[in-house]
1. Quick check on packing: order 19-26, 162-169 by the mean number of other C-beta atoms within 10 Å, highest mean leading.
2. Rounded to two decimals, what ratio of Rg to Rh does the chain give with C-alpha atoms and a Kirkwood Rh?
3. Across the chain, how many lysine pairs, 8 or more apart or on two chains, come within less than 16 Å at their alpha-carbon atoms?
4. Any idea what the relative contact order of the chain is, in percent, if you count C-alpha pairs under 8 Å spaced at least 6 apart?
5. Which values, in whole Å and largest first, are the semi-axes of the equivalent ellipsoid of segment 8-62 obtained as the square root of 5 times each eigenvalue of the Cα gyration tensor?
Amino acid sequence: MGVSKAEVLEGYIGEGYQLTTVEKALGLARSNSIWPLPFATSCCGIEFMATMASTYDLARFGMERLSFSPRQADLLMVMGTIAKKMGPVLKQVYTQMAEPKWVIAVGACASSGGIFDTYSVLQGIDKVIPVDVYVPGCPPRPEQIIDGVMKIQELVQNETFRRRHSPEYQHLLEKYQIG
């Protein structure tokens, strides 16, 4: 990923040892072992399949194991058109995920409803669940999906353990009526 050791684990470095905080060491470990849950519909799901294939190989980023159970996933990847009827299902999947959890909206349809400005299409999944990273495109290229995953890894690595217990985070969950 082009990250130097001194940048990742800053602290005291000597010959044969390195001191850092537990929070930074665990952040590095968590960022390279994310288990995604793909919630894929439409053409964005096909692009995600290409991203997982050998040409782009998302496994290089520690995402080898896809989890199709919300209780075992860290990252919810919503890709494609989401109908309004799917909104409650998406929210249920999100609430079943254990903390800490992150969400990535892949493609124009998941981010904003895309070209489908109709009564039946949810105009962005952020109407139902909080989103951490948006990946633009219709459909986005595998390189864009990988860039979004790398942004998630950056968030995971730099997130403090106390953030999920902060009043700001609790207020965000209350805003989405998740509690």
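Read-outs: derived from the displayed coordinates by stated rules, not from any lab. Since this is a predicted model, take the numbers as computed values, not measurements. Neighbour counts are summed over all protein chains in view; Cβ atoms, including those assigned to glycine, are modelled from backbone coordinates with ideal geometry.
1. 19-26, 162-169
2. Details: Rg = 17.3 Å, Rh = 17.2 Å.
The Rg/Rh ratio comes out at 1.01.
3. 8
4. On the way: 294 pairs, mean separation 38.6, N = 179.
Computed over the chain, the figure is 22 percent.
5. 36, 13, 7
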